[in-house]
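One structure below.
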Amino acid sequence: MKHPTFLEGVAVALIASVGSSILFTTVSPMMENLQLVKLLVAGLGLFYTLYLFSRSRERLGRIVTLSAWCISAVIIWIINPPLTLYLLMHIGLIWLTRSLYFYTSLFSALTDFGLSGLSLAAAVWAAVHTGSIFLSIWCFFLLQALFTAIPSDLKKRVSSVDNNIPSADRFHRAEQAAEAALRRLSSLN
């Protein structure tokens, strides 16, 4: 699997924004707006989770994670919390999925958590100032595309082998490897 890129995230943002705004415009005369927005949030969450699964190298636990996501989404729908809490819960599900499948350190997951909060703030800002569902979803997923810049392990560890060898020994080993390479090159001529 190829690691997701920022441009893929932009494409996902565009697809989600265009599709949601078309669906909202088409269905809104037949359905209450609040319920439609909640349905769109759940649908976008599922769409984005499936996208994350398709781009993740990790294969283990996808069925369990998807089942847990679906059960959680149904429970959130049944509980019917206010829209703000509803959004936070679904964004939390996205964050958990990304943390499980793309990060190996707590620091990376916490950075992603901050990105999720920033994405929500941008979406709310766009909704308040423009009233456009397209721009709200676009801003949210455009910032979500930045998760590709977060390394899987922010606290990279130097291999334990290198930590145990004094630097003079590492230099000596590198010198020997270079001399051996030069001998091989000179024997080819």
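Just to verify a result, which residue in the range 33-80, among those that are among the aliphatic types (A, V, I, L, M) and under 18 Å from HIS3 (Cα atoms), is nearest to the chain's Cα centre (by Cα)? Please lay out each step first, then the result.
Restricting attention to the range 33-80, the residues satisfying the condition of being among the aliphatic types (A, V, I, L, M) are 34, 36-37, 39-42, 44, 46, 50, 52, 60, 63-64, 66, 68, 71, 73-76, 78-79.
Filter once more, so that each one left must be under 18 Å from HIS3 (Cα atoms): 50, 52, 60.
Values: LEU50: 11, LEU52: 7, LEU60: 17 Å.
Per the stated criteria, the residue is LEU52.
Can you tell me which residue is farthest from THR49 (Cα to Cα) among those in the range 1-30 that are of a type in the set (A, V, I, L, M) and exposed (fewer than 13 other Cβ atoms within 10 Å of the Cβ)?
MET30
Since THR104 meets every condition but one in (1) touching a Ser or Thr at 6+ places or on another chain (Cβ under 8 Å); (2) over 18 Å from GLY9 (Cβ atoms); (3) part of a helix (DSSP H, G or I), which condition does it not meet?
All conditions are met except number (3).
Which pairs do you get when a residue that is outside the structural domain of LEU52 (by TED's automatic domain parsing) and surrounded by 11 or more Cβ atoms within 10 Å (Cβ to Cβ), found in the range 70-91, comes within reach of a residue that is among the small types (Gly, Ala, Ser) and at pLDDT 95 or above, reach meaning Cβ atoms under 6 angstrom, with the pair 6+ apart or on two chains?
none
Would you confirm whether or not the range 48-68 contains a residue that is in contact with an Asp or Glu (Cβ under 9 Å, 6 or more places away or on another chain), more than 14 Å from THR148 (Cα to Cα) and touching a residue at least 12 places away in the same chain (Cβ under 8 Å)?
As a first pass, look at the range 48-68 and keep what is in contact with an Asp or Glu (Cβ under 9 Å, 6 or more places away or on another chain): 51, 55.
Okay, now just the ones that are also more than 14 Å from THR148 (Cα to Cα), so none.
No, the conditions are met nowhere in the range 48-68.
Is the range 72-85 home to any residue that is in contact with a helix residue (DSSP H, G or I) (Cβ under 8 Å, 6 or more places away or on another chain) and under 22 Å from ALA145 (Cβ atoms)?
no
The values are calculated or read from the model by the stated rules, or taken from the named source; none is laboratory data. What you are looking at is a predicted structure, and each value in this text was computed from that prediction instead of being measured. All Cβ positions, glycine included, derive from the backbone under ideal geometry; neighbour counts span all protein chains shown.
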